[in-house]
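Here the structure comes first, spelled out in structure tokens, and everything after it is commentary.
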Amino acid sequence: PRTTPAIPPLTWVGEKLQPQWSARMIAGKIEQKTRPYLAGRMPAFACDAEGLARGLSHWHGFSDKENTLAGAGIGDASMAQTGQVLVGDQGGFACTVCHDIGSRPASAPFEAPAVNLAWAGQRLRLTYFERWLLQPTRVDPETKMPRYADIHGRTQLKQTLNGDGLKQFDAIRQYLLSVQEP
């Protein structure tokens, strides 16, 4: 068993991260560490940040244009409220067990805390967010995050949005966009 958390894989970084956020991170302009449990910190490459971020996007076949979680639009407040329930451990997927959300700490992180979900809106591309939630182990076979939807996109939470995983994940997206960063 591993005693220290692994360095985050960079395999899908061009698909995963917004190029604008990546450029700020590569340039060393983001003060908060997304993974504070790691002792090391990525060095800054301010002069090359824009080109590296654009190159990572293109390397994975993506434009260097934004594809934010907000790009899919924000529905009514009731969807965000549903998303808030869905991230919780009472009637939801229990995301809050491992993930901080804004200033609210995770209730029982194991091995290492997961990334704060308040940053998802500015960090992640919409396409990656959707793919990750549908099949996290297909993206990262070593992730601790379980798969919540079956091959038809249905979840066990049948009482919420009729068990439609895509609608449930969209409600989570809308909730995360409403969370204030820590």
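If I compute solvent accessible area with a 1.4 Å probe over the protein chains, what percent of it on segment 1-160 is carbon and sulfur?
It is 57 percent, rounded to a whole number.
Quickly rank 153-163, 97-107 as a protection proxy: mean count of other C-beta atoms within 10 Å, highest first.
Working: 153-163: 14.7, 97-107: 16.4.
Going from most to least packed, we get 97-107, 153-163.
Taking only protein heavy atoms into account and a 1.4 Å probe, give the accessible area per residue of the chain in Å². Intermediate values should be presented prior to the final figure.
Values: 10450 Å² over 182 residues.
Counting only protein heavy atoms, the per-residue value for the chain is 57 Å².
Could you tell me the center-to-center distance, by alpha carbons, between segment 129-167 and segment 20-89 in angstrom?
21
Considering every pair of different Cα atoms, what Kirkwood radius, in Å, is found for segment 55-158?
When all Cα pairs of segment 55-158 are included, the Kirkwood radius is 15.3 Å.
Can you give the charge dipole size of the chain about its Cα centre, rounded to the nearest 20 debye, using +1 on the beta carbon of Lys and Arg and -1 on the beta carbon of Asp and Glu?
It works out to roughly 180 debye.
When you count, for each residue, the other Cβ atoms within 10 Å and take the mean per peptide, how do 58-69, 38-49 rank with the highest first?
58-69, 38-49
Enumerate the aspartates and glutamates that Lys158 could reach by cross-link, defined here as Cα to Cα under 15 Å, with residues fewer than 8 away along the same chain left out.
Result set, ordered by chain and number: Asp150.
Of [x] 9.9; [y] 10.7; [z] 15.4, which one was derived for mean projected area of the Cα convex hull in nm² from the structure shown?
Entry [y].
Using modelled backbone amide H atoms (1.01 Å from N, in-plane), which distant-in-sequence or interchain residues come within less than 5 Å of Leu17's amide H?
Close amide H contacts, sequence-distant or interchain: Arg125.
The values are calculated or read from the model by the stated rules, or taken from the named source; none is laboratory data. Quick caveat, the model's predicted, so the values are computed rather than measured. Reconstructed Cβ throughout: ideal geometry from the backbone, glycine too, with neighbour counts over all protein chains shown. In case anyone asks, the SASA skips ligands and DNA or RNA and just uses the protein heavy atoms, side chains included. Shrake-Rupley method; radii C 1.70, N 1.55, O 1.52, S 1.80 Å.
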